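Shown next, in structure tokens, is the structure this report addresses.
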Amino acid sequence: MADNLDLSQIFKSVSSALASQQSDLNEADSYNHDHGDHMVQIFNLVQQAVSKKSDSSVADQLAYASKMLTKESDSGSAKLYAEGLANAAKSFTGTDLNANNVATLVKSLMSVESNQETIQTNSGNAIGSLLSSLMGGGDAHAAEDSG
């Protein structure tokens with residue numbers, strides 16, 4: 001049986017990685033130069049939400065994060081990530097998050113990325129590689145550098 005993963009720690013890692021790439025993401029955003037700011041804000045909110053509900057099931061944590069993101073952020077990216085979190089919550093009803101099923105979480109969040117512009121693909125690659133590394137897919141930084 002696989003050890004359960006902590007959503008708060010996962011999203012804390014994602015937030016930290018995005019914060020370190022924030023200026024690059026802003027620079028790559030040729031429209032309004034604030035995509036990195038939005039991504040950091042989004043994943044900080046998600047991390048805070050799942051942390052607040054850490055005693056709840058994974059599905060409840062994800063659903064709560066979706067609701068909080070919808071309530072607290074009005075960016076287009078936030079709306080899409082809220083949708084991805086809501087879908088992930090449905091997928092995790094009645095189950096824990098572990099190395100065997102974390103791909104479901106990744107796919108839920110990455111499917112959001114496939115609907116967005118190229119600038120958001122850069123942040124999606126960072127998110128995907130971080131989450132992938134949690135599944136045993138290797139070093140997140142190496143995955144980022146190759147993408």
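The values are calculated or read from the model by the stated rules, or taken from the named source; none is laboratory data. Small disclaimer: the values here were computed from a predicted structure and weren't measured. Here Cβ is always computed from backbone atoms with ideal geometry, including for glycine, and neighbour counts include all displayed protein chains. Note: areas computed on protein heavy atoms with side chains; ligands, DNA, RNA excluded. Shrake-Rupley method; radii C 1.70, N 1.55, O 1.52, S 1.80 Å.
A few remarks follow.
- Within the set N44, N32, N26, the sole residue that is more than 16 Å from the chain's Cα centre (by Cα) and surrounded by 16 or more Cβ atoms within 10 Å (Cβ to Cβ) turns out to be N26.
- Test: G94 is open to solvent by 40 Å² or more (accessible area, probe 1.4 Å), among the small types (G, A, S) and modelled with pLDDT under 90: no
- Index of the failed condition, A63 passing every other in (1) of a type in the set (G, A, S); (2) in contact with a His (Cβ under 7 Å, 6 or more places away or on another chain); (3) at pLDDT 95 or above: (2)
- The combined condition, being within 28 Å of N26 (Cα to Cα) and open to solvent by 70 Å² or more (accessible area, probe 1.4 Å), is not fulfilled by K52.
- Residues of the range 74-98 classified as over 15 Å from Q61 (Cα atoms) and either in contact with a strand residue (DSSP E or B) (Cβ under 9 Å, 6 or more places away or on another chain) or among the basic types (K, R) (or both), total: 1
- Residue in the range 53-61 that is more than 15 Å from L7 (Cα to Cα), in a helix (DSSP H, G or I), out of contact with any Lys or Arg (no Cβ under 6 Å at 6 or more places or on another chain) and not small (G, A, S) present: no
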